[in-house]
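The values are calculated or read from the model by the stated rules, or taken from the named source; none is laboratory data. From a predicted model like this one, the values you see are computed outputs, not experimental measurements. Note that we place each Cβ from the backbone using ideal geometry, even for glycine, and neighbour counts take in every protein chain shown. Accessible surface is based on the protein model in full, side chains and every heavy atom, while ligands, DNA and RNA are left aside. Shrake-Rupley method; radii C 1.70, N 1.55, O 1.52, S 1.80 Å.
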Amino acid sequence: EALLRLGKLLEQAGYLQAAMDCFEALSDNIDEHGRSYASRPLLRSVVLRPQRLWARRGELHARLRQPAKATPLLKRAFSRDRTNAKLAGLIVESLAASKQFKEAEAFLVDLAGRPLLRTKLPELASRTAVASGDKAMPLRIWKACRAAKRDSGALAVYLARAAEKLGAPDQGSAILQSALDSKPGDAAVTKFIVALYVSQRKFDKVLESLAK
């Protein structure tokens, strides 16, 4: 109990590495004495739901800019709590921070199949694509999500913005056009694709998009 209390206090005071040391020592003790610790009110929740401590340690590693150490702990926690949007975001961010962009891309596509996490996907996908510097990533993510019938107008708009930031406006146009083909009349997609075509002076494409 002392380790848990001290770790929380140190974290609140900004002593992240010291807090990490406390939580790691607590994890080791729980692994060794878990059954006896479960009877203690303060420790019961972390013994019965170990993902809470894994997540806390993973987030601390991320804040300490140690993504290689953060990712395994965050993934372990997520395996026990697959509806946790905060954990999902932390995993993507830690993968991107450690330049594991292929793995981050695959994880993003997987998130698209989880209804409770889908609303977080567009922003995460956009940020990851821009961070990767890979001009082809936005379109790849879009195609994978659409093939699995996990696409949305919001995802199309965010990925198109990412493509623009990466210097690949044609890929952005392809994403938005694909979205309009699958979901005609989507106001957000129509508005964005019209603005994009106007900036490219493709006025014939503007008329085509408005006619859908």
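Write down the accessible area per residue of the chain in Å², having rolled a 1.4 Å probe over the full set of protein chains. It would help to have the intermediate numbers written out before the result.
Numbers: 11170 Å² over 212 residues.
Per-residue accessible area for the chain comes out at 53 Å².
Where the accessible area of the chain is counted over protein heavy atoms with a 1.4 Å probe, how much of it, in %, is carbon and sulfur? Before the final figure, lay out the partial values.
Numbers: 5800 of 11170 Å².
Roughly 52 percent of what the probe reaches on the chain is carbon or sulfur.
Which value, in debye to the nearest 20, describes the size of the charge dipole of the chain about its Cα centre when Lys and Arg Cβ atoms bear +1, Asp and Glu Cβ atoms bear -1, and nothing else is charged?
The calculation lands at about 320 debye.
Students often get this wrong, so check it: of LYS69/LYS99; LYS86/LYS165; LYS69/LYS120; LYS8/LYS86; LYS75/LYS120, which have C-alpha atoms separated by over 21 Å? Walk me through the intermediate numbers first.
Working: LYS69/LYS99 13 Å; LYS86/LYS165 25 Å; LYS69/LYS120 24 Å; LYS8/LYS86 19 Å; LYS75/LYS120 17 Å.
Those over the limit are LYS86/LYS165; LYS69/LYS120.
Roughly how much of HIS33 is accessible, in Å² to the nearest 10, using a 1.4 Å probe?
80 Å²
Positive end of the charge dipole of the range 23-85 (Lys, Arg +1 and Asp, Glu -1 on Cβ, about the Cα centre): tell me which of ILE30, LEU60, LEU43 has its Cα farthest that way.
Going by the charge dipole, the pick is LEU60.
In a Debye calculation with equal point scatterers on the alpha-carbon sites of the chain and no solvent, what is log10 I(q)/I(0) at q = 0.12, 0.14, 0.18 Å⁻¹?
-0.69, -0.83, -1.13
Could you name the aspartates and glutamates whose alpha carbon sits less than 19 Å from that of LYS183, not counting residues in the same chain fewer than 8 places away?
ASP151, GLU208
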